[in-house]
Amino acid sequence: MLKKSIEQAFNAQINAETYSAYLYWSMSAWCEKNNLGGFANWMRIQAQEEMSHAMKFYTHVLERGGEVKLTSIDGPETEWKDIEAVFAATLRHENAVTERINHLVDLAIQEKDHAANQFLQWFVNEQVEEEKNVEQILGQLRIMGKQPGAALFMMDKEMAARVYTPPAAPAD
Ligand code: FEO
């Protein structure tokens, strides 16, 4: 049986992961509007991954006999200065998600919930991957500097190649 403290924290994480999807859909729409279809594709897939993260928490709560309680999702930002600002915001967001996951692990340890702790380890590894990917893209955008021009066009083509890969079976 899931302790109430873990149930509440996991329900909050379902909201946070769904908000992440909202944010990346919003960024995808911004990219589309600014003729960066490849980046828009990358962000759409990012959003798809976030929905799968939300569903992992949803499934874990139900499998442990807990109650899923969905709450309102905040509206994300809709405007950014340029594509570099989009990825700087993405990195800040993923850093905040990593903090959230770390707090969930702390809570699972505190509550001696080994199943929840084991389940969360997938997310610990996923955040390392997410931060690395976003840091790399942001780094490349920064190398392009103030006159991205042709290089940004080439990078947009590269971003168009991203495809969605469903996550492996849940770690729980
Ligand atoms: Fe669900 Fe991007 O972390």
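The values are calculated or read from the model by the stated rules, or taken from the named source; none is laboratory data. For clarity, every value in this text was computed on a predicted model and none was experimentally measured. Virtual Cβ from ideal backbone geometry, glycine too; neighbours counted across all protein chains shown.
Looking at region 41-76, which of its residues are within 16 Å of the ligand (Cβ to nearest atom) and farther than 25 Å from ALA9 by Cβ? TRP42, MET43, ARG44, ILE45, listed by residue number. Quick check: anything in region 80-94 touching a residue at least 60 places away in the same chain (Cβ under 8 Å), among the hydroxyl-bearing types (Ser, Thr, Tyr) and within 16 Å of the ligand (Cβ to nearest atom)? The answer is yes, given that some residue of region 80-94 is touching a residue at least 60 places away in the same chain (Cβ under 8 Å), among the hydroxyl-bearing types (Ser, Thr, Tyr) and within 16 Å of the ligand (Cβ to nearest atom).
Checked against (1) more than 22 Å from LEU107 (Cβ to Cβ); (2) buried (at least 20 other Cβ atoms within 10 Å of the Cβ); (3) modelled with pLDDT of 95 or more, GLN13 meets all criteria but (1).
Quick check, is GLN13 of a type in the set (S, T, N, Q), within 13 Å of the ligand (Cβ to nearest atom) and within 19 Å of THR165 (Cα to Cα)? No.
Of the residues screened, ALA115 is not one that is within 13 Å of the ligand (Cβ to nearest atom) and in contact (Cβ under 8 Å) with a residue 12 or more places away in the chain. Residue by residue through region 136-172, note down the ones that are in contact with a helix residue (DSSP H, G or I) (Cβ under 6 Å, 6 or more places away or on another chain), closer than 30 Å to PHE10 by Cβ and at pLDDT below 85. Of everything in region 136-172, those that are in contact with a helix residue (DSSP H, G or I) (Cβ under 6 Å, 6 or more places away or on another chain), closer than 30 Å to PHE10 by Cβ and at pLDDT below 85 turn out to be PRO167, PRO170, ALA171, ASP172. Would you confirm, using the coordinates I've provided, whether ASN133 is within 16 Å of the ligand (Cβ to nearest atom) and without any contact (Cβ under 8 Å) to a residue 40 or more places away in the chain? In short, yes.
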